[in-house]
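Q: Input: one structure, supplied below.
The values are calculated or read from the model by the stated rules, or taken from the named source; none is laboratory data. All values reported here derive from a predicted model rather than from experimental measurement. Backbone-built Cβ (ideal geometry, glycine too); neighbour counts: all protein chains shown.
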């Protein structure tokens with residue numbers, strides 16, 4: 001069963017690439033409302049594919065936001081097979097700045113070993129590797145070696161607002177022995193990664209309103225506080241310029257320090273400053289004082305300002321005191337921080353700093369609870385073996401710097417371990433212009449999932 | 001001669017309003033290159049009007065930027081008439097945010113006593129009052145009571161890059177006994193203003209570049225400095241949050257303190273916090289500690305951030321570490337500060353603060369030298385009398401908060417006093433959406449200029 005599935009995958013690379021390209025042509029950007037029909041088309045595509053390869057109970061589930069796709073392949077209870085829930089997402093990040101793309105983001109192009117398109121790596125390419133692995137078993141043996149439930153969503157890039165209520169109301173239907181997620185990067189093509197944790201997130205909008213309208217800075221400069229002057233002062237007080245420590249009172253109180261064993265595990269990853277500079281192109285690396293790079297990007301909290309809106313941003317020199325200024329800011333959180341209390345602390349701190357010459361509004365527009373899992377669990381150890389068979393390399397064990405908002409909720413509600421693997425590379429430019437997916441990783445990824453289903457049947 | 005000119009002006013209000021509206025329909029925004037043809041059309045309109053009313057030597061002078069309009073009316077040297085150079089500008093500010101306009105900015109609309117359009121007050125409405133005053137003499141007496149030179153430019157809103165070389169190369173042609181400028185606000189409709197000084201300006205772009213491309217803040221957060229985090233920290237260190245003093249080293253060294261007589265003159269203006277709050281709609285006024293409002297908006301330097309570019313500014317929650325962030329910042333300067341040394345000091349200070357984890361670029365994109373004139377000069381006292389006759393109110397003597405970059409150069413090169421008057425109101429929303437011009441001020445302004453030419457003939 002395993003061998004014929006592997007053989008099918010190897011013989012059908014071109015077809016799988018072509019299927020992935022069809023999915024990538026759909027501009028399923030979940031952030032911007034005008035792309036809602038495209039997110040639906042991406043959901044329909046996944047449902048149709050699942051039906052075509054022989055999955056059962058395929059449905060496109062309506063939500064108040066973008067749809068969820070569910071499918072399953074359950075075998076007689078008498079066989080006593082373990083059940084694996086597989087999660088993925090078919091929505092993608094926006095494409096701005098569009099002028100920075102050298103190829104149109106929704107016209108997938110193969111160049112050498114790479115496939116270029118928005119979503120190629122995050123996450124359609126990785127989700128499609130799962131579809132292809134399922135197909136490889138079903139088309140050769142007519143069945144899978146384990147019970148499978150597939151759950152794909154279209155709101156991952158907007159912090160999954162509809163998925164949590166769905167999981168809560170379908171907890172019995174989704175029950176599984178483990179949850180597999182393929183939505184992450186390898187360290188490089190020789191180092192697949194087992195992710196045993198994820199950072200959480202708080203995404204906030206901080207808005208400062210001053211005068212009732214934009215004012216001429218000559219006539220009125222010196223009479224009112226400029227919202228941009230105030231906002232930049234507030235933002236500057238969120239992070240220490242020397243240590244890069246976050247200055248929100250109490251912010252570090254609940255942060256868990258690593259055990260010696262955990263620290264040693266993370267330090268094994270071949271991550272160093274040269275790699276960091278190569279991947280980012282920054283003149284020099286930076287981050288919280290006192291922690292090595294591998295920890296700073298995974299188990300330490302961070303603060304990033306993503307953009308500041310308002311005022312004059314055109315060419316030339318308009319001299320305006322803008323009526324308002326608004327910043328988009330996020331904090332990456334680590335166990336055992338929770339976004340709710342962090343939002344409260346952020347808001348209180350900013351209010352305490354803000355002068356009464358302006359109005360301040362702080363909004364929570366997205367959050368994720370940080371996650372840590374037991375990397376010694378058999379379902380996770382099976383993934384390590386599958387990697388070795390699929391890629392020919394042992395994985396490294398890392399904590400993830402990014403956030404999958406729903407992971408914490410899945411663990412909590414379904415009470416199952418989460419197995420986080422992935423086939424992306426750090427230079428895939430996910431969330432940036434010119435996103436790509438390394439095609440050898442696509443094909444090794446399909447084989448890794450085929451092996452994982454085989455190994456999972458024996459845990 | 002005076003009386004017939006006044007009578008003509010009173011009988012031709014509708015025609016003058018209609019002429020002004022024709023000028024206002026031309027979207028002569030000098031900042032944005034795509035409006036260059038419109039700035040030229042606005043120049044041609046002025047030239048055509050000057051020709052039609054009987055001015056001589058009318059010419060649209062080519063520059064490397066937008067054109068300059070010149071015209072004159074010179075009488076035999078034997079009459080020994082004084083010569084007045086009149087300056088105005090026909091370019092306007094951009095209109096963004098466009099959605100904030102309740103009427104289209106380039107379709108002038110009269111509503112009650114107000115005329116709504118971009119440029120209605122700044123400066124086409126005031127420049128047209130001068131055209132109408134000249135017309136009132138020329139159409140009734142066939143000549144003017146003094147020698148007149150008219151100089152209108154199309155680059156005032158972009159700090160007049162072409163006017164300085166023009167004045168330098170035409171210094172003899174432009175020679176005059178005084179220079180009249182009508183491009184400012186009254187305090188209110190009962191308080192015309194004699195402006196005996198102007199603040200200067202330094203307009204800078206401050207750009208911070210970090211990673212070579214936008215990065216995912218989950219994968220890379222904690223490894224590099226975010227250009228927005230750095231830029232907001234730099235900007236916050238430009239101004240003290242408590243005193244609103246500017247923190248650039250040496251910035252106040254050359255600032256001239258007022259004499260007791262000057263301070264008393266400025267304090268006579270009916271400016272108070274209630275007026276300031278009414279005009280700005282700000283929750284509370286603010287500004288440099290230790291100085292009254294009237295001084296803060298006129299004889300004290302200020303710093304304003306006008307906008308910050310880069311990163312993600314769309315709807316939703318994109319988690320990006322932007323490759324670069326750029327702020328537009330200006331400083332209003334006062335005698336005897338000079339923008340050149342201030343730019344050097346700003347650049348050195350920012351470089352001293354900026355970490356080596358990013359690249360910093362500071363650019364000077366516009367400047368004006370501050371100006372102070374002798375308010376006791378007869379050409380200025382004549383303006384005070386003209387106001388009293390034209391508006392029925394004595395003027396107040398103020399220093400201007402805004403900047404007319406060329407004024408310093410005109411004084412220096414032409415060696416003549418500058419007489420700064422104006423017919424705008426503080427709530428005209430110049431540089432903001434829904435700019436308007438108070439029509440009674442337009443008509444009183446025409447009569448004031450008619451009186452001024454008569455009074456100027458006797459100085």
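Q: For the list (1) under 23 Å from residue A:161 (Cβ atoms); (2) at pLDDT 95 or above, I need the number of the one condition that residue A:53 fails.
A: So the condition that residue A:53 fails would be (1).
Q: As an exercise: evaluate residue A:286 against (1) within 12 Å of chain B (Cβ to nearest Cβ); (2) part of a helix (DSSP H, G or I); (3) free of Cβ contacts under 8 Å to residues at least 60 places away in the same chain and give the number of the one condition it does not meet.
A: Only one criterion in (1) within 12 Å of chain B (Cβ to nearest Cβ); (2) part of a helix (DSSP H, G or I); (3) free of Cβ contacts under 8 Å to residues at least 60 places away in the same chain is unmet by residue A:286, namely (2).
Q: Now a separate question. Is there a residue being touching a helix residue (DSSP H, G or I) at 6+ places or on another chain (Cβ under 7 Å) and part of a loop (DSSP other than H, G, I, E, B) anywhere in region A:45-53?
A: no
Q: Oh, and also: Collect the residues in region A:12-37 that are more than 14 Å from every other protein chain (Cβ to nearest Cβ) and without any contact (Cβ under 8 Å) to a residue 40 or more places away in the chain, keeping them in residue-number order.
A: A:14, A:15, A:18, A:22, A:37
Q: I'm checking my understanding of the structure. Among residues of region B:404-426 that are under 15 Å from the mean Cα position of the chain (by Cα), outside any helix (DSSP H, G or I) and modelled with pLDDT of 90 or more, which one is farthest from residue B:178 (Cα to Cα)?
A: Among residues in region B:404-426 that are under 15 Å from the mean Cα position of the chain (by Cα), outside any helix (DSSP H, G or I) and modelled with pLDDT of 90 or more, the one farthest from residue B:178 (Cα to Cα) is B:425.
Q: Given the criteria at the interface with another protein chain (Cβ under 8 Å from one of its Cβ atoms), in a loop (DSSP other than H, G, I, E, B) and over 25 Å from residue B:358 (Cβ atoms), does residue A:357 qualify?
A: Here the answer is yes, as residue A:357 does meet what is asked.
Q: Right, another one. Over 22 Å from the mean Cα position of the chain (by Cα), surrounded by fewer than 13 Cβ atoms within 10 Å (Cβ to Cβ) and either closer than 21 Å to residue B:229 by Cα or more than 12 Å from chain B (Cβ to nearest Cβ) (or both): is that true of residue A:253 in this structure?
A: Yes, satisfied.
Q: Sticking with this structure for a sec: In region A:2-44, how many residues are modelled with pLDDT under 95 and touching a helix residue (DSSP H, G or I) at 6+ places or on another chain (Cβ under 9 Å)?
A: The qualifying residues number 1.
Q: Conditions: (1) within 14 Å of another protein chain (Cβ to nearest Cβ); (2) in contact with a strand residue (DSSP E or B) (Cβ under 7 Å, 6 or more places away or on another chain); (3) at pLDDT 95 or above. Residue B:102 meets all but one. Number of the miss?
A: (2)
Q: Provide a single number: the residues in region A:361-371 that are within 20 Å of residue B:283 (Cβ to Cβ) and touching a helix residue (DSSP H, G or I) at 6+ places or on another chain (Cβ under 6 Å).
A: Looking only at that region, the number is 1.
Q: Filter region B:243-254 for residues that are assigned to a loop (DSSP other than H, G, I, E, B) and within 23 Å of residue B:285 (Cα to Cα) and give the result.
A: If the condition is that a residue be assigned to a loop (DSSP other than H, G, I, E, B) and within 23 Å of residue B:285 (Cα to Cα), then B:243, B:244, B:245, B:247, B:252 are the ones that fit.
Q: Let me ask something additional. In the set A:344, A:295, which member is more than 10 Å from chain B (Cβ to nearest Cβ), over 30 Å from residue B:273 (Cα atoms) and at pLDDT 95 or above?
A: One residue alone meets the criteria, A:344.
Q: Here's something else I'd like to know. Got at least one residue in region A:199-212 being at pLDDT below 95, within 11 Å of chain B (Cβ to nearest Cβ) and in contact with a strand residue (DSSP E or B) (Cβ under 6 Å, 6 or more places away or on another chain)?
A: No, region A:199-212 contains no residue that is at pLDDT below 95, within 11 Å of chain B (Cβ to nearest Cβ) and in contact with a strand residue (DSSP E or B) (Cβ under 6 Å, 6 or more places away or on another chain).
Q: Also: So is residue A:88 touching a residue at least 24 places away in the same chain (Cβ under 8 Å) and within 14 Å of chain B (Cβ to nearest Cβ) or not?
A: For residue A:88, the condition - touching a residue at least 24 places away in the same chain (Cβ under 8 Å) and within 14 Å of chain B (Cβ to nearest Cβ) - is not met.
Q: Could you list, in sequence order, the residues of region B:54-95 that are in a loop (DSSP other than H, G, I, E, B) and either closer than 18 Å to residue B:123 by Cα or not assigned by TED's automatic domain parsing to the domain that holds residue B:28 (or both)?
A: B:66, B:67, B:90, B:91, B:93, B:94, B:95
Q: Report yes if some residue within region A:144-154 is surrounded by fewer than 24 Cβ atoms within 10 Å (Cβ to Cβ) and within 10 Å of chain B (Cβ to nearest Cβ); otherwise report no.
A: No, that holds for no residue.
Q: Hey, does region B:206-221 have a residue that's touching a residue at least 60 places away in the same chain (Cβ under 8 Å), crowded, with 17+ Cβ neighbours inside 10 Å and closer than 30 Å to residue B:153 by Cα?
A: Yes, some residue in region B:206-221 is touching a residue at least 60 places away in the same chain (Cβ under 8 Å), crowded, with 17+ Cβ neighbours inside 10 Å and closer than 30 Å to residue B:153 by Cα.
Q: On to the next question. Does residue B:271 satisfy the criteria of being in the same structural domain as residue B:333 (by TED's automatic domain parsing), over 30 Å from residue A:370 (Cα atoms) and touching a residue at least 60 places away in the same chain (Cβ under 8 Å)?
A: So residue B:271 fails the test.
Q: Right, here's the next one. Which of the residues spanning region A:213-233 are under 27 Å from residue B:118 (Cβ atoms) and more than 7 Å from chain B (Cβ to nearest Cβ)?
A: Scanning region A:213-233 gives a single hit, A:227.
Q: Further question on the same structure: Can you tell me which residue within region B:231-250, out of those that are in contact (Cβ under 8 Å) with a residue 24 or more places away in the chain and out of contact with any helix residue (DSSP H, G or I) (no Cβ under 9 Å at 6 or more places or on another chain), is surrounded by the fewest Cβ atoms within 10 Å (Cβ to Cβ)?
A: Restricting to residues being in contact (Cβ under 8 Å) with a residue 24 or more places away in the chain and out of contact with any helix residue (DSSP H, G or I) (no Cβ under 9 Å at 6 or more places or on another chain), the top hit is B:242.
Q: Among the listed residues A:307, A:311, A:281, A:316, which satisfies the condition of being over 30 Å from residue A:358 (Cβ atoms) and either within 10 Å of chain B (Cβ to nearest Cβ) or in contact (Cβ under 8 Å) with a residue 12 or more places away in the chain (or both)?
A: None of the other options fit; the residue is A:281.
Q: Taking region A:402-426 as the search range and keeping residues that are under 20 Å from residue A:366 (Cβ atoms) and surrounded by fewer than 20 Cβ atoms within 10 Å (Cβ to Cβ), which one is farthest from the other protein chains (Cβ to nearest Cβ)?
A: By that ranking, first place goes to A:413.
Q: Can you pull out every residue in region A:255-277 that is in contact with a helix residue (DSSP H, G or I) (Cβ under 8 Å, 6 or more places away or on another chain) and part of a loop (DSSP other than H, G, I, E, B)?
A: Listed by number, the residues that qualify are A:258, A:269, A:271, A:272.
Q: Can you tell which of B:136, B:160 is in contact with a helix residue (DSSP H, G or I) (Cβ under 6 Å, 6 or more places away or on another chain) and on the phi > 0 side of the Ramachandran plot?
A: B:160
Q: Follow-up question, since we're still on this one. Criterion first (surrounded by 19 or more Cβ atoms within 10 Å (Cβ to Cβ), over 30 Å from residue B:97 (Cβ atoms) and within 14 Å of another protein chain (Cβ to nearest Cβ)) does residue B:399 satisfy it?
A: Yes, satisfied.
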